[in-house]
1. With labels modelled as points extended 7 Å from the Cα through the Cβ direction, what inter-label distance (nm, one decimal) is found for residue B:255 paired with residue A:138?
2. With a Förster radius of 41 Å, plug the Cβ-Cβ distance of residue B:5 and residue A:125 into 1/(1 + (r/R0)^6) and report the FRET value to the nearest 0.05.
3. Quick one: what are the phi-derived ³J(HN,Hα) couplings along the range B:116-132, Karplus 6.51/-1.76/1.60 with θ = phi - 60°, whole Hz, x for glycine and proline?
4. Taking just the alpha carbons, could you work out the radius of gyration and Dmax for the range A:48-101, both in angstroms?
5. Which percent, to the nearest 5, of DSSP beta bridges fully inside chain B are antiparallel?
6. Hey, can you list the DSSP H helices of chain B whose Cα span along the axis is 20 Å or longer and whose average Kyte-Doolittle score is at least -0.5?
7. With an 8 Å Cα cut-off and a minimum separation of 6 or more residues, compute the relative contact order for chain B in percent.
8. So what J values fall out for the range B:211-224 if you push phi through Karplus, 6.51 cos²θ - 1.76 cosθ + 1.60 with θ = phi - 60°, rounded to Hz, Gly and Pro as x?
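What follows is calculated from the coordinates using simple rules that are stated; it is not laboratory data. The model shown is predicted, which means the values in this text are computed figures rather than measured ones. Don't worry about glycine lacking a Cβ; one is built from the backbone with ideal geometry, like all the others, and counts go over all protein chains shown.
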Amino acid sequence: MWTLSCAARLRPYAILRRSLTTSSGSERQGASPGRTCTVPQIPTWQPAQESQLFKKTTVTMEMIDHLEHLALVDFRNQEGVQRLGKAIQFADELHGVDTTGVEPLVSVLEDRCLCLQDDEVVRGSYAELLLANAQQKIEEYFVAPPGNIALAKVNGYKFS
Amino acid sequence: MLGLNLTLREASAALREGKVSATELCQRCLAFIKETSVVNAYITVREAGALQQAEAADKRHRRGQALGPLDGIPVAVKDNFSTAGIETTCASKMLKGYIPPFNATVVQKLLDQGAVLLGKTNLDEFAMGCGSTDGIFGPVRNPWSYSQQYREKSAQRGHISDEGSDWVITGGSSGGSAAAVSAFTCFAALGSDTGGSTRNPAAHCGIVGFKPTYGLLSRHGLIPLVNSMDVPGILTRCVDDTALILGILAGHDPKDSTTVQEPFQPFTLPSSIDVSKLCVGIPKEYHAPGLSRETVALWTKAADLLENAGAKVMEVSLPHTCHSIVCYHVLCAAEVASNMARFDGLQYGHRCDVDSSTEAMYAATRREGFNDVVRGRILSGTFFLLKENYERYFLKAQKVRRLIAEDFVKVFCSGVDLLLTPTTLSDATQFREFIKEDNRTRSAQEDIFTQSANMAGLPAVTLPAALSARGLPLGLQFIGRAFYEQQLLTVAKWLEKQVNFPVLQWQGVVDKEHLILQHNKLTSLP
C-alpha cells in the first residue's frame, strides 16, 4: 500500500513558499513574484514500506514445477526463483487498492464496436513464404518431434 | 553543403528544391552511421537497398512526380516491426535470422511514400526494458555521451574516465531509434510504446517522442508485447516532423481490428500559436519520490511559461497514479506470458537440436532463445494467470486499470485540456550505474510517468526542454485527451519554440590525451 506523506496531504504552503525562496533564484526565473506555484515542490507520496506490504507469498517447489511445465521455460537457477518472488511481492501492493464494485478494464476501446472483417478469404496461397522461415519441413508441412510425450523432469531444461 | 542536422521538413524542402539529391542524403546518412557506430543504434543497415530506394526517389523528383514530403527521406525502424525481406530480430536469439514475409502496416505506409529505409534499430530484447541494454546485440549508447556538452561538463566536474566508460544509456526500449534520430543518422524513426518505450528514450536522447491514442495507428506487423497497450511511436527532431509522420501513418487498417474506423484528417501545425485559452493540468502525484531537483525546476518553469502566456494552469489530482506502475507490471507480465507462447521453434525463429518430443523441443528452444528478463516476465505472467491467482492478480490489476483510466476522464471532464508532467525522474544514468539494478526495478523507476498514458490509451508526447547540469537532455511530457493529437502537438510545438533546446554538438570518441588536455585548459582558465 502506498501512503501519502503527511506533509503532502496538508499541502503546507508555508513550507512550500519557504523552500522556494531559499532555493537558488535561477530556478524560479519564470515565476512572477507573489504567485503560488502550481507544480508541487516536494514529493506528494512515498513508496510503500516493506512492513506495510502484505504477507509474503511463498513460492513452493510444486509451484515452480507447475509454472515451468505451463510456461515451457525454466527458472534456470535460484536467482530466477528469487526474481519471481520479488515480482509477486511487488504485485501484492495492488491489494491495498479498494476496487469494490469496479469492473475490470480489458480494452480502452470498450465503448466502441470492434470492426470485424467479413468471414471470407481475401489473401492466401502464402504457403511457400510462410514455410520459408521454418528450420525443418517436409513438402508443405512443419516437422515436429513426436508428440504425446510428457515433458520429462530430467531432460536438461528443468531447474534443479 | 547541407548538414545532416536538418529537420525532416527542411530536408524535404531541400530535396524538392534540388539542393540535395536523395542519393546524396542517403550516402551521407550511411557514412554517418559508420562514423557513429559506437552508438550501436542499428542492428541491420541495408546499404544497397536504401541506395536503390534513394535512386528511385531521385528519378521521381527529377520527373516532378515526388510521392510526397517523405519521398527520398532516410528513416529507421525499430527491429520489432516486421519488414518484408529484412531480418527482424527483436534483439533476441529467438528471432535471429527471421525474415518476415510481409511489412508492418506502418512500415508499408512509409515505403509507399518513398521513405528510404536505412535499417532496423536496436532495442531491449522483445522491447522488454527501459535502457536498451538488454538485447543480444549489446547496449545502445546515448549519442549525448559523445557530445561536446556532456564532455565539457564532465571535464569541469573532473570526471574523466580512464576507459571511456562514462557513457550514458539511451533509455528504452526504442533506444536504437532514439539514438539514430538524435545522432543525425536519419530524419525520423519508428519506435513502439507499451509503457513509455518511445517517450523514455526520446527524453534521454533530446528528441521528440510521440505516443498516439490507442487505436489510431495500426499494430499489424508490430511484434506484440502487450496487445492492449502497444502502439507504434514516432521519433523526430521536432514536433512539426512528428505531425507530418502522424498524418501519413494514422488511420483505420482492416488488418488491425483495434484501429478505429473514423477517418483521420492529417494536419500541419500553425506557426503562430495562442495558448491563452488553454487549461493545463499539473497532476500533483507526478511529483513522485525520486524526481530530481532539476526536473522539478524545469517542470515549474514550463508551467510558469504557459501561465505567463495566458494559459490557465491548475493543479489536478490523479489519485491512483501511485498504483499505476504496479498495475502495469502485472498486466504486462500476463500479456507477455500469453504472447510469447508463439515462439516454439516450429514455424520460425530459433529451433534447438532436441528432438525427443515436441514439448522437450519447445522447452529447450525457449530456454536457449529467451534472455533472463523475458523468461522472468513469462514466468511471473504465468503465475498471475494461474486459475487460483487469476482473480487475485490479473482481474485485480484490470480493475485498478479502470480506476487509473477514470482518473484521467474525470480530470479532462473538469475542463482541463491537457496535462503537463515530467517524462522521466532525471537525466540519463551511466551504463555502469544502470546495470546495478535489475530490469524490473529499473522499469518501475523509468516508466513511472509514462505507462499511465498507455493504461488509459491516451496520446502523449515528450519534447526536450533543457540540458541538465551534467549536459544531458531533460524532457517534459504532455498527455492529451483521446484523439486530440492536434491540440496536443500544437501545444508541444509552442513549448518547443519557447525552450529553444540546444543542438547536439557531436564530438565523437575522443582519446584520453585530448580530454586531459582539454581538462587542463578548462581548469587553467581564470
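1. 3.3
2. 0.30
3. 9, 7, 6, x, 10, 9, 6, 7, 6, 3, 6, 6, 9, x, 9, x, 6
4. Expressed in Å, the Cα Rg and Dmax of the range A:48-101 come to 13.5, 41.
5. 70
6. Working: long enough: B:47-62 (22 Å, -1.32); B:293-308 (22 Å, -0.23); B:321-339 (27 Å, 0.88); B:396-413 (25 Å, 0.08); B:485-499 (21 Å, -0.35).
Taking the DSSP H segments of chain B (at least 20 Å long, mean hydropathy at least -0.5), we get B:293-308, B:321-339, B:396-413, B:485-499.
7. Values: 1155 pairs, mean separation 92.4, N = 526.
So the answer I get is 18 percent.
8. 10, x, 4, 4, x, 8, 10, 5, 9, 4, x, 7, 5, x
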